[in-house]
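Please read the structure below before turning to the comments.
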Amino acid sequence: MKALVWHGKEDIRCDRVSDPTIEDPRDAIVRVTSCAICGSDLHLFHNFVPAMMPGDIMGHEFMGEVVEVGSGVNGRLRRGERVVIPFTIFCGECDQCRRGNFSVCERSNRNKKLADKVFGHSTAGLFGYTHLTGGYPGGQAEYVRVPFADTTHIKVPESIPDEKLLFLGDILPTGWQAAVQCDIKPTDTVAIWGCGPVGQMAIRSAILLGARQVVAIDQLPERLDMAEAAGAITIDFSTESVIERLNDLTDGKGPEKCIDAVGL
C-alpha cells in the first residue's frame, strides 16, 4: 500500500509499505477513505517531538471502512461498517478508561515505561505519533491496523459524507474540550485567540455551549470570515486594538473566559 512515511527532519515521503495485518484478536483493519493533516503533524515534520524513527507512518485524523476484524472484537465491529477512528487508542477496561479518561489509558501505550520517564506519566497509545506514544502506524495511508478496535472507533452512518465526519477524530474534540473546560455560563463573553482549525471548532463549541457572545481574534481575512459566519464577533489584531475592542464589547470588564487556540 501507499503511505506518508517519516524519514527525518522535514523529510516525509509517499512510499510503498507493507499492508497491515491482524496482530491481536481485538484488532481491525480499516481501509482509509479520508484523512487530514493536523497542526500537530508539523511538530513531527520539524522533529520537535522526540522518538520518531525513519519508516514511521504519519497521521492521526482518519476514517474509513472496516475490511477485517479479529476474533476478539466480538461483534462490536463488522466488515463493511463505516467508522471514524479517534487519535487516542483505548482499551475500555483499565481504571482510567472506566473513569472516562481515555487519553491516559493504562494499556494501549506499548512504550509506557519510556513515556513515563519522558512525560512523567504515560499517555495512551496514539496513531502516527512517535514511539513515546506506542509507535503505532498512522492513518495517512491506504489501510490502518486499529488496536482495541472494539472500543477505538466511532460508527458513522452511510448518509453523511466524509467531509462532515472526519473532524470527529481529533480536531472537533480538541476545540470542544477547550470550550467545556471554560465552564461557560450564559452571561459569559468568550474570547478565542487564533481562528485556525482548532479555533474554528472552539468558536462553534462556545456558541453551542451558550456563551452570551464569542469574540474571535486573528489577522487572516478568510479565518475571520469563517468565524463571523459561525456567529462570532471578530477582531483583526493587525488593524484594531484588541484590548480596546474587548473593553467596548464588555463595558470595560473584559471577557470572562479566554481560549488560546494559537498553537493548536
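The values are calculated or read from the model by the stated rules, or taken from the named source; none is laboratory data. All of these numbers come straight from a predicted model, not from anything done at the bench. Cβ: placed from backbone, ideal geometry, glycine included. Neighbour counts: every protein chain shown. Surface accessibility is based on the protein's heavy atoms, side chains included, excluding ligands, DNA and RNA. Shrake-Rupley method; radii C 1.70, N 1.55, O 1.52, S 1.80 Å.
Kindly provide the set of residues from the stretch 33-58 that are farther than 30 Å from Gly80 by Cβ, over 13 Å from the mean Cα position of the chain (by Cα), in contact (Cβ under 8 Å) with a residue 24 or more places away in the chain and not in a loop (DSSP other than H, G, I, E, B), ordered by number.
Answer for the stretch 33-58, where residues must be farther than 30 Å from Gly80 by Cβ, over 13 Å from the mean Cα position of the chain (by Cα), in contact (Cβ under 8 Å) with a residue 24 or more places away in the chain and not in a loop (DSSP other than H, G, I, E, B): Leu44, Phe45.
Considering the stretch 113-136, and only residues there that are modelled with pLDDT of 95 or more and over 16 Å from the mean Cα position of the chain (by Cα), the residue that is nearest to Val17 (Cα to Cα) turns out to be Gly135. Against the list (1) touching a Pro at 6+ places or on another chain (Cβ under 8 Å); (2) open to solvent by less than 40 Å² (accessible area, probe 1.4 Å); (3) outside any loop (DSSP other than H, G, I, E, B), the condition Ser108 fails is (3). Among the residues of the stretch 221-253, those identified as of a type in the set (A, V, I, L, M), touching a strand residue (DSSP E or B) at 6+ places or on another chain (Cβ under 6 Å), under 12 Å from Gln200 (Cβ atoms) and part of a helix (DSSP H, G or I) are Leu224, Ala227.
For the stretch 192-220, filtering for residues that are open to solvent by 30 Å² or more (accessible area, probe 1.4 Å), touching a strand residue (DSSP E or B) at 6+ places or on another chain (Cβ under 8 Å) and either assigned to a helix (DSSP H, G or I) or aliphatic (A, V, I, L, M) (or both) leaves 1.
A search for C-beta distances below 7 Å between a residue of the stretch 236-254 that is open to solvent by less than 100 Å² (accessible area, probe 1.4 Å) and any residue that is in a loop (DSSP other than H, G, I, E, B), counting only pairs 6+ apart in sequence or on different chains, returns Asp236/Gln219; Ser238/Gln219; Leu246/Gly254; Leu246/Pro255; Asn247/Gly254. Scanning the stretch 148-175 for residues that are open to solvent by less than 30 Å² (accessible area, probe 1.4 Å), among the aliphatic types (A, V, I, L, M), at pLDDT 95 or above and in contact with a helix residue (DSSP H, G or I) (Cβ under 8 Å, 6 or more places away or on another chain) turns up Ala149, Val156. Quick one: Ala178 ticks every box in (1) over 30 Å from Thr152 (Cα atoms); (2) among the small types (Gly, Ala, Ser); (3) open to solvent by 10 Å² or more (accessible area, probe 1.4 Å) bar one, so which box is it? Among (1) over 30 Å from Thr152 (Cα atoms); (2) among the small types (Gly, Ala, Ser); (3) open to solvent by 10 Å² or more (accessible area, probe 1.4 Å), Ala178 violates only (1). For the stretch 113-161, a residue qualifies if it is closer than 26 Å to Arg13 by Cβ, of a type in the set (Ser, Thr, Tyr), out of contact with any Pro (no Cβ under 9 Å at 6 or more places or on another chain) and in a loop (DSSP other than H, G, I, E, B), and exactly one does: Tyr129.
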